[in-house]
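Chemist: Before I ask anything, let me first share the structure, which is written out below as structure tokens.
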Amino acid sequence: MPPWFDELAEFLRIESVSADAARAGDVKRAGEWVCAVVRDAGGECELVDWHGQPLAIGEVPASSEPENAPTVLCYGHFDVQPPDPLELWDSPPFAPEIRGEYLYGRGVADDKGQLYMLLAAARELAGAGRLPVNVRLACDGEEETGGHSIVEYLKGDERGAQAAIIFDSGMIAPGRPAFNVATRGLVYFHLTMRTGERDLHSGMYGGAAMNATHALIQTLAAVLPVDGRLAERLRQGICPPASWAIRARGRRTLAPPRSSTFGPPPSRRST
């Protein structure tokens with residue numbers, strides 16, 4: 001086995017499923033595991049209860065003149081998605097297994113594997129006396145169910161940092177990790193549609209009274225993209241692609257495919 005396997009496998013075996021209230025103790029245990037690695041690297045770290053959510057907050061100082069060294073903020077989450085449906089797994093989800101060139105187990109690629117790389121790198125550089133920056137860790141255990149705690153904490157943390165690293169991303173190809181400089185973000189809201197003052201029997205009023213489901217579908221249809229393009233009223237304020245992006249990739253590759261069919265990405269049993 002590779003030298004890193006036993007330690008990472010210990011992390012992966014913790015069933016830190018944040019969507020399962022019965023496993024809240026496991027989520028906390030995963031956060032404590034992160035704190036232990038930071039302390040092992042010569043830093044300080046503690047598990048902070050942020051309004052009921054665990055945050056692993058710590059820092060590994062630079063090897064030389066930490067008071068003058070820049071600070072890099074590292075983020076990762078130590079919770080994982082539920083492993084269901086279990087029958088689709090070729091090996092138990094919380095029993096990591098190497099098959100060929102790949103490591104299989106829940107959390108390998110989202111996000112314990114990447115978080116472990118950050119922790120191990122900081123520890124190795126610090127142990128060799130070659131850590132050039134202060135490494136500040138802020139990791140949460142609720143990314144898979146919301147992720148509000150880490151945002152609230154960082155917003156109130158006035159220390160700041162000169163750079164931030166998040167490895168919770170993808171791989172373009174083996175040996176070629178994706179390097180993201182921005183994300184689109186997400187805006188969502190809850191919508192309630194009512195078409196009557198009280199419930200009506202569908203056998204008597206169906207077809208005659210306006211159906212709330214139909215009205216909602218019609219409303220949402222007005223804002224859905226057509227052939228990958230939003231309605232013109234929703235495109236107000238959009239900036240054209242930068243000239244360097246057009247030179248690097250071409251204008252056509254920056255646009256979505258000309259298709260109104262957008263299926264979900266294939267499932268990944270390694271995550």
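Chemist: Please verify whether Arg229 is exposed (fewer than 10 other Cβ atoms within 10 Å of the Cβ), more than 30 Å from Phe94 (Cβ to Cβ) and at pLDDT 70 or above, treating the condition exactly as stated. If you could, list the steps in order and put the result at the bottom.
Modeler: On the way: exposed (fewer than 10 other Cβ atoms within 10 Å of the Cβ): no; more than 30 Å from Phe94 (Cβ to Cβ): yes; at pLDDT 70 or above: yes.
Here the answer is no, as Arg229 does not meet what is asked.
Chemist: Considering only segment 86-100, state which residues are open to solvent by 60 Å² or more (accessible area, probe 1.4 Å), in a loop (DSSP other than H, G, I, E, B) and free of Cβ contacts under 8 Å to residues at least 60 places away in the same chain. Explain how you work it out, then say what you get.
Modeler: So the first thing to find is which residues in segment 86-100 are open to solvent by 60 Å² or more (accessible area, probe 1.4 Å), and the list is 86-88, 90, 92, 97, 99-100.
The next check asks that each one be in a loop (DSSP other than H, G, I, E, B); those that pass are 90, 92, 100.
Pro92, Gly100, listed by residue number.
Chemist: Looking at Pro3, Pro54, Pro83, Pro66, which is the one that is under 30 Å from Arg130 (Cα atoms), in contact (Cβ under 8 Å) with a residue 60 or more places away in the chain and either within 19 Å of the chain's Cα centre (by Cα) or surrounded by fewer than 21 Cβ atoms within 10 Å (Cβ to Cβ) (or both)?
Modeler: After ruling out the rest, the residue left standing is Pro66.
Chemist: Also, quick follow-up: Could you please let me know if Ser270 is out of contact with any Asp or Glu (no Cβ under 8 Å at 6 or more places or on another chain), modelled with pLDDT of 80 or more, assigned to a loop (DSSP other than H, G, I, E, B) and open to solvent by less than 100 Å² (accessible area, probe 1.4 Å)? Even if it seems obvious, please write down each step before you answer.
Modeler: Numbers: out of contact with any Asp or Glu (no Cβ under 8 Å at 6 or more places or on another chain): yes; modelled with pLDDT of 80 or more: no; assigned to a loop (DSSP other than H, G, I, E, B): yes; open to solvent by less than 100 Å² (accessible area, probe 1.4 Å): yes.
For Ser270, the condition - out of contact with any Asp or Glu (no Cβ under 8 Å at 6 or more places or on another chain), modelled with pLDDT of 80 or more, assigned to a loop (DSSP other than H, G, I, E, B) and open to solvent by less than 100 Å² (accessible area, probe 1.4 Å) - is not met.
Chemist: Please go through segment 145-172 and give me each residue that is acidic (Asp, Glu) and surrounded by 10 or more Cβ atoms within 10 Å (Cβ to Cβ), ordered by number.
Modeler: From segment 145-172, those acidic (Asp, Glu) are 152, 157-158, 168; that's our starting set.
Those that are acidic (Asp, Glu) and surrounded by 10 or more Cβ atoms within 10 Å (Cβ to Cβ): Glu152, Asp157, Asp168.
Chemist: Follow-up question, since we're still on this one. Determine which single condition Gly31 fails, assuming it passes every other condition in (1) under 21 Å from the mean Cα position of the chain (by Cα); (2) within 24 Å of Ala164 (Cα to Cα); (3) surrounded by fewer than 19 Cβ atoms within 10 Å (Cβ to Cβ).
Modeler: (3)
Chemist: So is Leu115 in contact with a Phe, Trp or Tyr (Cβ under 9 Å, 6 or more places away or on another chain) and surrounded by fewer than 21 Cβ atoms within 10 Å (Cβ to Cβ) or not? Outline the logic, then answer.
Modeler: Working: in contact with a Phe, Trp or Tyr (Cβ under 9 Å, 6 or more places away or on another chain): yes; surrounded by fewer than 21 Cβ atoms within 10 Å (Cβ to Cβ): no.
No.
The values are calculated or read from the model by the stated rules, or taken from the named source; none is laboratory data. Since this is a predicted model, take the numbers as computed values, not measurements. Cβ: placed from backbone, ideal geometry, glycine included. Neighbour counts: every protein chain shown. Keep in mind that these areas ignore ligands, DNA and RNA; they rest on the heavy atoms of the full protein, side chains included. Shrake-Rupley method; radii C 1.70, N 1.55, O 1.52, S 1.80 Å.
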